[in-house]
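First the structure, in the form of structure tokens, and then the observations on it.
The values are calculated or read from the model by the stated rules, or taken from the named source; none is laboratory data. All of these numbers come straight from a predicted model, not from anything done at the bench. Cβ sites come from the backbone with ideal geometry, for glycine too, and all protein chains shown count toward neighbours.
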Amino acid sequence: MNHARWKIARERKIAEGFIESSEVEAMRTEIRMAFDLGQAVHDRRTELGISQAELARRANMTQPQVSKLELGGTVPTLPLLARLAKALDASLNIALDGDTSSVTFTAHAA
């Protein structure tokens, strides 16, 4: 392999590594956002003193689905988020700014 071909092959590998790094970073961001949502669901559920099974009943889910959600293992749909907010008697607030996110459930007034 001559020098020009070696240089082109090296540049491709560097570019592929950059793309892979970008993909890995995107996955980390998605995982972090899913975890933040799961933590917010867990926090509100425990604040209410209800079990995963009770939340599942209220949100028309199964207990394993609630468990997976709380562990950050799923990215829910908007209709599911609406059901969760209702089941948790709260407003769901999600703030997204680039790679950062904030998820909170705000209890409805008593």
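Observations on the model:
- Which listed residue, of THR62, THR104, is out of contact with any Lys or Arg (no Cβ under 9 Å at 6 or more places or on another chain), more than 14 Å from ALA34 (Cβ to Cβ) and β-branched (Val, Ile, Thr): THR62
- Scanning the range 24-70 for residues that are at pLDDT 95 or above and either in contact with an Asp or Glu (Cβ under 6 Å, 6 or more places away or on another chain) or not in a helix (DSSP H, G or I) (or both) gives GLY38, VAL41, HIS42, GLY49, ILE50, SER51, ALA59, ASN60, MET61, THR62.
- The lone exception for ASP43 - which of (1) closer than 20 Å to GLU30 by Cβ; (2) in contact (Cβ under 8 Å) with a residue 40 or more places away in the chain it fails: (1)
- Test: residue in the range 2-17 that is closer than 30 Å to LEU80 by Cβ, in a helix (DSSP H, G or I) and either modelled with pLDDT of 65 or more or polar (S, T, N, Q) (or both): no
- ALA82 over 16 Å from MET33 (Cα atoms) and not in a loop (DSSP other than H, G, I, E, B): yes
- For the range 77-110, filtering for residues that are crowded, with 18+ Cβ neighbours inside 10 Å and out of contact with any strand residue (DSSP E or B) (no Cβ under 8 Å at 6 or more places or on another chain) leaves 1.
- Where ASN60 falls short, out of the listed (1) surrounded by fewer than 14 Cβ atoms within 10 Å (Cβ to Cβ); (2) free of Cβ contacts under 8 Å to residues at least 12 places away in the same chain; (3) of a type outside the set (Asp, Glu): (2)
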